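Comments concern the structure below.
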Amino acid sequence: MNTNLRNGLHFENLARDYLIEQGLRLLQANYRCRFGEIDLIMLDRETICFIEVKFRKSFAFGGAADALPHGKRRKIVKTALFYISANQRIKHPALRFDALLIQHQANGTNQFNWIKNAFYAE
């Protein structure tokens, strides 16, 4: 396993644990289909949350929030809609597209910034 993939999985696990502490329930991690990938699919009460996890070591390239360009958001929405259509047990779900940004701090800790409704389906 290459270093980037190993690091990505590490931070996705941190994100998953953080969101579970916030009361969400994991439905699926690293969902992949022909349209793309979604890091975490979680349930927040009656709302299915499609969550993109981003980590940045520094603010040199704008921080983690700048890592969700329009094209990436569009792929996440298509992938989420495919997930819903492939899971017939889900009836008329409320959907939300969140981002969990993990920013490495100078003191060696990680700061979590959970952005609910980070973007919307167009």
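The values are calculated or read from the model by the stated rules, or taken from the named source; none is laboratory data. As the structure is a computational prediction, the values presented were derived from the model and not from experiment. Here the Cβ positions follow ideal geometry from the backbone for every residue, glycine too, while neighbour counts run over all protein chains shown.
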Every residue from region 13-33 that is in contact with a Leu (Cβ under 8 Å, 6 or more places away or on another chain) and crowded, with 16+ Cβ neighbours inside 10 Å: A15, R16, Y18, L19, L24, L27, A29
Does R89 meet the test of being modelled with pLDDT of 95 or more and not aromatic (F, W, Y)? no
Scan region 93-122 and report the pairs whose first residue is within 18 Å of L81 (Cα to Cα) and whose second residue is polar (S, T, N, Q) and assigned to a strand (DSSP E or B), with Cβ atoms within less than 8 Å and a gap of 6+ or a chain change. P93/T47; A94/T47; L95/T47; R96/T47; R96/N117; F97/N117; D98/N117
